[in-house]
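Undergrad: Below: one structure in structure tokens.
The values are calculated or read from the model by the stated rules, or taken from the named source; none is laboratory data. Just so it is clear, the model here is predicted, and its values are computed rather than measured. Backbone-built Cβ (ideal geometry, glycine too); neighbour counts: all protein chains shown.
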Amino acid sequence: MTAHHYSCAELAAMNLPGYPKAKKNWIELVRRESWPSRPRTGRGGGYEYAPPAPILKLIRLKERAIEAVAAPACEQQILAALVSSLADIKARQAADESARKDQAEAILRDLAGLSERASLTLNARSEIARGWQVWFVQAQPMQRSASWLPYADAYNAREIPMAEAIREAFPHVSPRSVQRWVYEYERGHLDALVDRRSAARQRRGSTAFNAAPLLAAAASKMLLDKPGIRTQQFLNLLVTAATHPETGEQLFNPPTYGQVHRFQQAWIADHRDLYLRATNPDAWKNQTMLAFGNRSEDVTALNQRWEMDATPADWLLIDADGKKRRYTVSVIVDVWSRRILIIVSRTPKTVTHCLALRAALLAWGVPAEIVTDNGQDYQSDHFRHVLAALDITHVTTAPFSPEEKPHVERAIKTLNHSILELLPSFAGHSVADRKAIDSRESFAARLAKRGETIDFAATGAALTGSQMQATIDQWIAGIYEQRPHGALAGLSPHAKAASWTGETRRIADERALDILLARPAGGGQRTLQKKGIALDNTWFIAPELATIDMGSPVEVFETPDLGRIIVYHRGKFLCIAQAPERTGVDRQAIAEQASQMQRERIKAQSAEIKAATKGLPSTDDVVRRHLAEAARSAGKLVTAHFGGKAAHHSDGLAEAAKAAAAIAGPRPTNRAAQLSAQARAAMAELPANVTPHPASRAHATPLEGMTAAEKYALWLDYDALVQAAGGDPETLPEAWQRRFWNGFPQSSIYRAQAALAGAQKEARGG
């Protein structure tokens with residue numbers, strides 16, 4: 001009897017062409033494709049599965065091939081059957097492709113808000129996965145596990161037919177990437193093929209808001225209407241607004257607290273002026289209203305790659321103060337032609353590298369990339385801004401890795417060991433060389449003191465920086481570039497560069513280049529303030545400053561005119577700001593124009609948000625809905641009924657009672673109670689407006705042994721007697737009583753007890 005169900009172990013043992021050879025891989029396959037299954041009878045148990053028709057056909061062919069292994073005549077039939085089976089596989093893949101396309105369209109509708117780059121990446125990965133399917137059928141017999149590497153190699157060799165846009169998105173692919181994309185594509189998980197690193201997905205704010213425009217619009221409207229709303233209140237309103245008030249339709253998925261918080265912070269940061277104007281118009285007017293960017297084997301073209309570096313030169317040059325100092329050389333090498341350009345400078349600052357870059361750009365053209373080390377001069381904002389503005393790729397080597405820029409390292413060595421060693425300013429390549437030179441100079445000086453006329457080359461007049469620069473330029477033009485280079489097949493750098501017949505990118509506007517290379521002013525970073533941009537104790541203003549938010553960071557650069565600066569914002573040129581007291585421009589006219597531009601910008605932002613939220617319910621309506629729904633929910637709660645009351649006892653309550661008793665103080669002793677009773681009885685017997693005779697009053701016992709609370713209570717009783725007698729202390733019969741009444745209020749005990757009594761009275765609400 002022919003079997004129709006097979007275990008994964010049986011399937012693996014069949015060694016079907018194009019299918020897994022391991023049991024675990026078959027387990028994954030049958031689960032992924034949801035094959036019908038049934039419990040397996042016999043020893044071991046488990047499950048057996050019913051393969052789909054194409055695979056079942058392959059199984060039948062395999063079984064017949066095993067049965068006819070001794071009959072070579074069957075080989076052609078088996079081969080034909082295999083071809084037919086592969087055709088069935090291809091047909092099934094086509095049917096799966098149609099279903100997958102429909103599924104993809106549904107998924108893409110759900111993936112709203114994808115950027116152009118993300119969409120291109122998704123399409124490219126899908127096409128590469130479909131290309132593998134076609135290639136795999138044509139490459140049979142082959143196991144899937146063995147297909148990833150040869151397919152990736154064929155793709156990278158451009159042997160796989162593919163649209164040029166796909167190859168621009170992925171010029172090269174790895175076997176692991178192909179495997180992952182094919183698996184996700186076959187499973188219909190097209191969302192997993194989306195490039196989540198897309199710039200659109202890295203914008204501030206939550207992905208939930210980016211993927212749901214209606215949610216973002218509703219949130220923006222609420223923030224515009226209620227800019228001071230708390231995050232939790234904001235979330236509650238968004239949850240309420242997520243459903244249609246009449247139909248109950250789910251308009252968007254409610255966000256989380258964290259997503260709401262991030263969106264709120266990002267929105268406020270992007271609309272600083274608008275937010276402040278909405279929350280506090282007066283503060284907006286007072287605070288923000290304007291008052292006024294081998295290592296050469298892959299190099300096949302001129303200017304494809306330049307290498308830059310700087311190093312202390314091996315020459316001591318005469319400075320402006322007449323002292324000898326060691327200068328620095330900034331070196332640029334075109335890797336393809338081995339041309340070099342050298343700038344001599346006092347220090348290796350960014351401005352020096354920019355001067356060298358300027359000279360090379362004008363002389364050679366614009367390179368595709370520049371390789372430098374990770375020194376602070378090359379990593380400065382100014383240098384990186386210049387390269388980015390020129391569309392030059394900046395490649396930074398790893399720390400302490402000179403081998404990653406070997407050509408400029410070699411050029412520096414060639415310079416230092418050239419004929420320039422014979423110059424009188426040469427300082428040697430090492431400390432030992434420097435000592436030998438110093439010794440020669442010292443010896444020559446001693447001989448000269450004795451009147452002898454010995455002239456060593458080392459004692460000759462040293463060169464200035466400008467003289468050294470001219471000498472190096474002559475050496476490059478006359479010797480280095482004309483000498484055959486070992487890496488250029490006998491050609492000189494000059495001849496190699498002259499042999500290039502392709503295009504070179506040239507700087508058409510030298511003035512624009514100078515502006516781009518301008519030095520940062522005042523450190524380069526400034527913040528737009530109420531009165532403009534502060535620099536060197538001067539305010540620089542321009543109407544265009546009103547087009548950005550107050551407090552925005554800007555980049556500023558120098559110009560030859562001290563009254564003007566170049567202003568960039570987020571890598572884009574913004575304006576030329578002026579200092580009116582230096583340039584003579586009309587400050588009031590600029591202020592009026594700036595204020596008008598600011599009002600128009602705020603108005604445009606408000607209009608844009610209102611247009612995007614047109615038709616949405618007002619925030620006030622959402623607030624009322626939220627409160628009403630909360631009230632209805634609260635009304636549905638069932639009030640519990642409790643039984644009789646019973647005192648609750650616990651160790652904690654017992655200890656707390658002890659503490660309360662300690663705060664209240666000890667109860668009055670019998671003696672204190674007797675004194676107080678005497679005082680109250682005497683006051684009760686006192687006729688109105690009559691001063692009692694001292695002899696009629698009861699005698700009190702001494703105060704020794706009484707607590708602070710008892711003394712305070714006794715004084716209150718005595719004070720009541722005195723006040724009832726019109727303030728006459730003689731109403732107290734004993735001298736010690738009168739002394740006590742008169743002096744006790746000045747004591748610390750009285751003040752403490754009075755404060756305690758006041759606190760207790762306040763706690764009782766009276």
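Undergrad: In this structure, does Q379 turn out to be within 32 Å of the chain's Cα centre (by Cα), within 30 Å of F540 (Cβ to Cβ) and at pLDDT 80 or above?
TA: Yes: the conditions hold for Q379.
Undergrad: Something else now. When region 18-45 is examined, which residues are found to be in a loop (DSSP other than H, G, I, E, B) and under 51 Å from the mean Cα position of the chain (by Cα)?
TA: G18, Y19, P20, K21, A22, S34, W35, P36, listed by residue number.
Undergrad: Identify the single condition in (1) in a helix (DSSP H, G or I); (2) of a type outside the set (S, T, Y); (3) buried (at least 16 other Cβ atoms within 10 Å of the Cβ) that L362 does not satisfy, given that it satisfies every other one.
TA: Evaluating L362 over (1) in a helix (DSSP H, G or I); (2) of a type outside the set (S, T, Y); (3) buried (at least 16 other Cβ atoms within 10 Å of the Cβ) leaves (3) as the failure.
Undergrad: Give me a count of the residues in region 229-265 that are of a type outside the set (A, V, I, L, M, F, W, C), at negative phi and not in a helix (DSSP H, G or I).
TA: 12
Undergrad: Of these, V331, V344, V299, which one is touching a strand residue (DSSP E or B) at 6+ places or on another chain (Cβ under 6 Å), buried (at least 17 other Cβ atoms within 10 Å of the Cβ) and not assigned by TED's automatic domain parsing to the domain that holds Q469?
TA: V299
Undergrad: Additional query: Kindly provide the set of residues from region 499-518 that are more than 22 Å from L488 (Cβ to Cβ) and of a type outside the set (D, E, K, R), ordered by number.
TA: Passing the criteria: I507, A508, A512, L513, I515, L516, L517, A518.
Undergrad: Which pairs have Cβ atoms under 8 Å, sit 6 or more apart or on different chains, and link a residue in region 734-745 that is within 12 Å of L716 (Cα to Cα) to one that is surrounded by fewer than 18 Cβ atoms within 10 Å (Cβ to Cβ) and among the aromatic types (F, W, Y)?
TA: From region 734-745, the pairs are F744/Y750.
Undergrad: Is it the case that L355 is of a type in the set (A, V, I, L, M) and farther than 28 Å from L491 by Cβ?
TA: yes
Undergrad: Only residues that are among the basic types (K, R) and in a strand (DSSP E or B): list them for region 539-575, please.
TA: The answer is R564, K572.
Undergrad: Output the qualifying pairs, or none if there are none: Cβ atoms under 8 angstrom, residues six or more apart or on different chains, first residue in region 520-532 and assigned to a strand (DSSP E or B), second residue polar (S, T, N, Q) and surrounded by 14 or more Cβ atoms within 10 Å (Cβ to Cβ).
TA: So the pair list comes out as T527/S552.
Undergrad: Only one of (1) of a type outside the set (D, E, K, R); (2) within 20 Å of A360 (Cα to Cα); (3) within 36 Å of the chain's Cα centre (by Cα) is not met by T538, so which one is it?
TA: (2)
Undergrad: On the given criteria, is S345 closer than 13 Å to S330 by Cα, at pLDDT below 90, among the polar types (S, T, N, Q) and more than 24 Å from the chain's Cα centre (by Cα)?
TA: Against the criterion (closer than 13 Å to S330 by Cα, at pLDDT below 90, among the polar types (S, T, N, Q) and more than 24 Å from the chain's Cα centre (by Cα)), S345 qualifies.
Undergrad: Also, quick follow-up: Which ones in region 301-342 are in a loop (DSSP other than H, G, I, E, B), within 35 Å of the chain's Cα centre (by Cα) and closer than 15 Å to K405 by Cβ?
TA: Correct list: Q304 only.
Undergrad: Can you go through A698, A725, A681, A662 and tell me which one is exposed (fewer than 13 other Cβ atoms within 10 Å of the Cβ), modelled with pLDDT under 85 and more than 60 Å from the chain's Cα centre (by Cα)?
TA: One residue alone meets the criteria, A681.
Undergrad: Still on this structure, please answer the following. Of the residues L237, L251, only one is buried (at least 20 other Cβ atoms within 10 Å of the Cβ) and not small (G, A, S); which?
TA: Matching residue, one of L237, L251: L237.
Undergrad: Hey, among the residues in region 517-573 that are among the basic types (K, R) and at pLDDT 80 or above, which one's surrounded by the fewest Cβ atoms within 10 Å (Cβ to Cβ)?
TA: K572
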